[in-house]
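Data block below; observations after.
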Amino acid sequence: MAKKMKLSQISDILQDLDVESLEGVTIEGDIELNISGGGGLNPALAYALGNEISQISLHMANIGRMLGFPAEQLFASAFGMAESPQALQTPPRIQELIDSRFEVSKVDNWKNKIQEVTLGATSADGGSRKSTVTLGGENALPYYFDAEMPHRNYVTVDVFDMPIGMAKAVKGNYEDVINDPAEWAKKVVRDFNADMVTIHLISTDPLIKDTPAKEAAKVVEDVLQAVDVPIVIGGSGNPEKDPGVLEKAAEVAEGERVLLASASLNLDYERIAKAAIDHGHVVLSWTQLEINAQKELNRKLMKQCNVPRDSIIMDPTTAALGYGLDYAYTNMERIRLAGLMGDDELTFPMSSGTTNAWGAREAWMVSSPLKQDSDWGPREYRGPIWEIVTGLALSLAGNDMFMMMHPTSVQVLKEITQTLYGSIETEEIDITNWIGAEV
Amino acid sequence: MKINSPLEAYKFLPATNCGECGEQTCMAFAAHLIDRSKDLTECTPILEEKFRKKYEELDALLAPEIREVVIGVGDNVANIGGDDVLYRHKLTFFNQTKFAYDVWDTMDEKDLIERVKYIQDFKKFYVGNFLTVDMVAVRSTSGDPEKFAAVVSKVVETTHLPIILCSFDPEVLKAGLEVSKDRNPLLYAANKDNWKEVADLALEYDVPVTLFAPNDLDLLKSMAKTFAEMGTEKLVLDPGTFPTGKQLRQTFNNFIKVRRAGIEGDREIAYPIMAVPFTAWMAHDDPVSASYWETVVASVFTIKYGDIMILHSTEPYAMLPELHIRDTIYTDPRKPVMVDPGMYEVGEPTADSPVLVTTNFALTYYTVESDISSNKIDCYLWAIDTEGIGVEAAVAGGQLTAAKIKKGIEESGFNLQTDTTHNTIILPGLAARLQGDVEDETGANVMIGPADSGRIPGWMEKNWPPQKK
């Protein structure tokens, strides 16, 4: 005899049925579903009924499966679903996270290694440096998981052979040594953690003091005496005078494996290259924000002047944050990517004249020259961060060595580049509940 | 974007060359679609019903690899994501990183309003425009839903900037949503414990939501997949920003990995990424060190794939570099770097007005031009062809020489002797060494201006007009 029940009663009876309680349950006779209202059901009610019926059929199907019948296949073919009994059991609200593994591949076309270049020579190699600095060797963009970065970034701090104009925030650090390049060099190594020193022989410029090359070379000797880190020797930037100045400097620094700054397309780069080869130094190949010019100069240094590959570093030019850093950044990034992907004319370590950041008015001006600007705040804090962010951006583009000036900038840039490099150990910080942090 | 040649896009276009998009041909329009300088909706014919299928197909093919997510409403809407490349020179990056500065629900009302207004009004003039910051993030530090709602109300009242609601407590988020739901705020955040409730909120209120899975990319992807399955792709991913040491290195690589996977076509993880440089404040007690480190972390993740970030320091020495590094990275590298060489009139110069020399590097030119014009100085500004290199570098590199200056003057058709009463040229301070050569080459008097054009007004007061000899 048929027994009449309300849908909800059926659902209530069946909802507790699962594997454990299946035993002892018997379903007898017919179950008649009496849905009143026919086609005139309102949509909400129809939806509710549909839900109940589906839940019941789900229970029924589960019983079917208990009894060994592959109910899921029946459902799948009936509703045209390709797979998975889960789909059936999925309620509108997901109760468990859908498990998923994150996967990403390493870059497969970074096949070329950046050339390793060592600056400085110890007594074992005919020099008098206590330590050396090796740049390059990368097989990936800096700090990327794709390949180990073999050497950290290095900072060489600028020293000048005469007093020069400097931003106030920079000058305050050097007033006591501004007339003595050797003391200046000592100070940046001793107090400011410089890895290297750059001695700029700017007084040799005919428009400044026109110091003779021979006299300038004495300053180089003084600096080599004063510090035992590797050094960079810079000219004045005068294309007529520089080759002679750097030749003489290279001669007195024989065996010390200094970096000669620099060879460029607008001066007699052959003389600089020859000075480096004759006295065992490294050449800085300097071009101005132009990747093809960089290739051309590197090619000339290698093919025409026979500079060995392990004796070239590039300076593709640094523009300050807000003053062309976008070009400088992308130029370096393109150079590095081209090198990694196999362009042998660009596989050299890079150097940045990060000090150029101080040319930005934001770094040194007391306040904005424009009335509409918000307050710029104290310049003694603006300047160093300008130098840091300029250098940091280029470090991410692949730059290896930084020429810098402000001690705070040196410290923070070293901290962040060495953190990304992986050599800074700190206490772990739990950020799980950072929102509530008291700051 | 799933296609990369104009021809592939052209196949879907009406091919009538009607010109309604402003291009001569459909092929030219197709090229603009591929470099994303034009939008498909600019092709009015394809929007007609008969092309519906083609429109939909092409629209899907042109969709950026990283989904775009919209926060806020109206004029102050913030779009994030939408990138197609890993390196800016490959195309350009779209939708610059949005900077949200925090407020919290235990602040005094006066401080709160002042801080929100400061964030809203902060601006810095740069190459013809003002750089500004974008959003306010409200942190629940009290844990009290009512307090949170009160502060969110106050923020909504005070500013039109888009907002982020920050709490891991769904009750608190709900309270905040109730008073800001018509502003389409971003929820922060769903995590492994609260994701069900937060998902319900995101779906119920139809707002974007951040998924927070500190240093756990499997969990992050699982959550993204689950949320998408539940019906929302308005997601922002926060893989955790650990502020120091090896944890920060790991964070850096998490950002690289997530973005690389997304650009390479893993749709399940192809969402905008959030960085939280705020955490620098958990590592430093001294506010200057904390601000510095926060700026450093913000710079790293502006350069490497952060699409939105939450920051704390509103010191100008933090905000100015943050704004500039963002502009650096998001400037379209395809835009011209030079202005046409030649003589430009600033204001209404007469024969008594000064003649200033600068370079044709766009940035130099516009900086000098804005410094002069905003101070209402009438003058002739001479952009010498230095191949787009700035003054200091051009003097060092030989692109700015006396001969170049002479040539520039001759080619402009301007005659110093007859068109001015003073026969004088003012060189930039950074080109001072050229003074003698320029006098010899041009026969004009040469004065040396300041090294920074911001000082031109002061220099003019002292030095112009020149003393008669």
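The values are calculated or read from the model by the stated rules, or taken from the named source; none is laboratory data. Keep in mind the model is a prediction, meaning the values are calculated, not measured. Cβ placement follows ideal geometry from the backbone for every residue including glycine, while neighbour counts extend to all protein chains displayed. Keep in mind that these areas ignore ligands, DNA and RNA; they rest on the heavy atoms of the full protein, side chains included. Shrake-Rupley method; radii C 1.70, N 1.55, O 1.52, S 1.80 Å.
Counting only residues that are of a type outside the set (A, V, I, L, M, F, W, C), in a helix (DSSP H, G or I) and under 13 Å from the mean Cα position of the chain (by Cα), region B:314-335 holds 7 of them. Looking across B:Leu211, B:Leu203, one residue alone is within 11 Å of chain A (Cβ to nearest Cβ), in contact with a strand residue (DSSP E or B) (Cβ under 8 Å, 6 or more places away or on another chain) and either open to solvent by 30 Å² or more (accessible area, probe 1.4 Å) or assigned to a strand (DSSP E or B) (or both). It is B:Leu211.
Please work out which one of (1) touching a residue at least 40 places away in the same chain (Cβ under 8 Å); (2) more than 8 Å from every other protein chain (Cβ to nearest Cβ); (3) surrounded by fewer than 19 Cβ atoms within 10 Å (Cβ to Cβ) is the condition A:Pro407 fails and give its number. Looking at each condition in turn, A:Pro407 falls short on (3). For region B:410-469, the tally of residues that are open to solvent by 60 Å² or more (accessible area, probe 1.4 Å), closer than 24 Å to B:Gly397 by Cβ and polar (S, T, N, Q) stands at 1.
Residues being within 14 Å of chain B (Cβ to nearest Cβ) and outside any helix (DSSP H, G or I) are entirely absent from region A:212-232.
Out of the residues in region B:242-257 that are assigned to a helix (DSSP H, G or I), touching a helix residue (DSSP H, G or I) at 6+ places or on another chain (Cβ under 7 Å) and open to solvent by less than 20 Å² (accessible area, probe 1.4 Å), state the one that is nearest to the other protein chains (Cβ to nearest Cβ).
This residue is B:Gly245.
Do you know which residues across region A:170-197 are without any contact (Cβ under 8 Å) to a residue 40 or more places away in the chain, outside any loop (DSSP other than H, G, I, E, B), closer than 11 Å to A:Val159 by Cα and open to solvent by 20 Å² or more (accessible area, probe 1.4 Å)? The answer is A:Lys187, and nothing else. Residues that are surrounded by 23 or more Cβ atoms within 10 Å (Cβ to Cβ), within 14 Å of chain B (Cβ to nearest Cβ) and in contact with a Ser or Thr (Cβ under 6 Å, 6 or more places away or on another chain) do not occur anywhere in region A:264-279. Quick check, is B:Leu13 open to solvent by less than 60 Å² (accessible area, probe 1.4 Å), in contact with a helix residue (DSSP H, G or I) (Cβ under 8 Å, 6 or more places away or on another chain) and not assigned by TED's automatic domain parsing to the domain that holds B:Ile308? Criteria met by B:Leu13. Exactly one residue out of A:Pro163, A:Pro181, A:Pro212 is of a type outside the set (S, T, N, Q), modelled with pLDDT of 95 or more and within 15 Å of A:Ile233 (Cβ to Cβ), and it is A:Pro181. For region B:113-138, the set of residues classified as among the hydroxyl-bearing types (Ser, Thr, Tyr) and in a strand (DSSP E or B) consists of B:Tyr126, B:Thr132, listed by residue number.
Out of (1) in contact (Cβ under 8 Å) with a residue 60 or more places away in the chain; (2) open to solvent by 20 Å² or more (accessible area, probe 1.4 Å), the odd one out for A:Phe160 is which? Going through the list (1) in contact (Cβ under 8 Å) with a residue 60 or more places away in the chain; (2) open to solvent by 20 Å² or more (accessible area, probe 1.4 Å), A:Phe160 breaks only (1). Of all residues in region B:315-345, exactly one satisfies the criterion of being out of contact with any Gly (no Cβ under 8 Å at 6 or more places or on another chain), within 7 Å of another protein chain (Cβ to nearest Cβ) and farther than 26 Å from B:Tyr101 by Cα, namely B:Pro333. Could you grab me the full set of residues in region A:346-377 that are open to solvent by 10 Å² or more (accessible area, probe 1.4 Å), part of a loop (DSSP other than H, G, I, E, B) and more than 7 Å from chain B (Cβ to nearest Cβ)? Correct list: A:Gly353, A:Val366, A:Ser367, A:Ser368, A:Lys371.
One residue stands out in region B:275-288 among those that are in contact with a helix residue (DSSP H, G or I) (Cβ under 9 Å, 6 or more places away or on another chain) and more than 7 Å from chain A (Cβ to nearest Cβ): the one that is farthest from A:Gln418 (Cα to Cα), namely B:Pro287. Restricted to region B:263-274, and to residues that are facing chain A (nearest Cβ under 9 Å) and assigned to a helix (DSSP H, G or I), which residue is nearest to B:Leu220 (Cα to Cα)? Ranking the qualifying residues of region B:263-274, first place goes to B:Ile269. Being within 27 Å of B:Leu400 (Cα to Cα) and touching an Asp or Glu at 6+ places or on another chain (Cβ under 7 Å) is a description that applies to A:Lys295. For B:Val172, the test of being part of a loop (DSSP other than H, G, I, E, B), more than 9 Å from chain A (Cβ to nearest Cβ) and open to solvent by less than 10 Å² (accessible area, probe 1.4 Å) is failed.
For A:Tyr381, the criteria (1) part of a helix (DSSP H, G or I); (2) open to solvent by 10 Å² or more (accessible area, probe 1.4 Å); (3) more than 7 Å from chain B (Cβ to nearest Cβ) hold in every case but one, which is (3). The set of residues in region B:222-241 being open to solvent by 20 Å² or more (accessible area, probe 1.4 Å) and either more than 7 Å from chain A (Cβ to nearest Cβ) or in contact (Cβ under 8 Å) with a residue 24 or more places away in the chain (or both) consists of B:Lys225, B:Ala228, B:Met230, B:Gly231, B:Glu233, B:Lys234. Whether any residue in region B:149-161 is surrounded by fewer than 20 Cβ atoms within 10 Å (Cβ to Cβ), away from every other protein chain (no Cβ under 11 Å) and of a type in the set (Lys, Arg) is what I want to check. Yes, that holds for at least one residue. Among strands (runs of 3 or more DSSP E) entirely within region B:336-435, having at least 1 residues that are touching a residue at least 24 places away in the same chain (Cβ under 8 Å) and of a type in the set (Gly, Ala, Ser) singles out B:342-346, B:379-384. Anything in region B:272-298 that is more than 19 Å from the chain's Cα centre (by Cα) and open to solvent by less than 10 Å² (accessible area, probe 1.4 Å)? List them, or say none. Of everything in region B:272-298, those that are more than 19 Å from the chain's Cα centre (by Cα) and open to solvent by less than 10 Å² (accessible area, probe 1.4 Å) turn out to be B:Phe278, B:Thr279, B:Ala280, B:Ala290, B:Ser291.
Can you find, within region B:177-197, the residue that is least open to solvent (accessible area, probe 1.4 Å) among those that are of a type outside the set (Phe, Trp, Tyr), within 12 Å of chain A (Cβ to nearest Cβ) and in a helix (DSSP H, G or I)? Only one residue tops the list, namely B:Lys196. Among the residues of region A:316-330, those identified as crowded, with 24+ Cβ neighbours inside 10 Å and either acidic (Asp, Glu) or not in a loop (DSSP other than H, G, I, E, B) (or both) are A:Leu325, A:Asp326, A:Ala328, A:Tyr329. The set of residues in region A:206-250 being under 21 Å from A:Met302 (Cα atoms) and open to solvent by 40 Å² or more (accessible area, probe 1.4 Å) consists of A:Glu247 alone.
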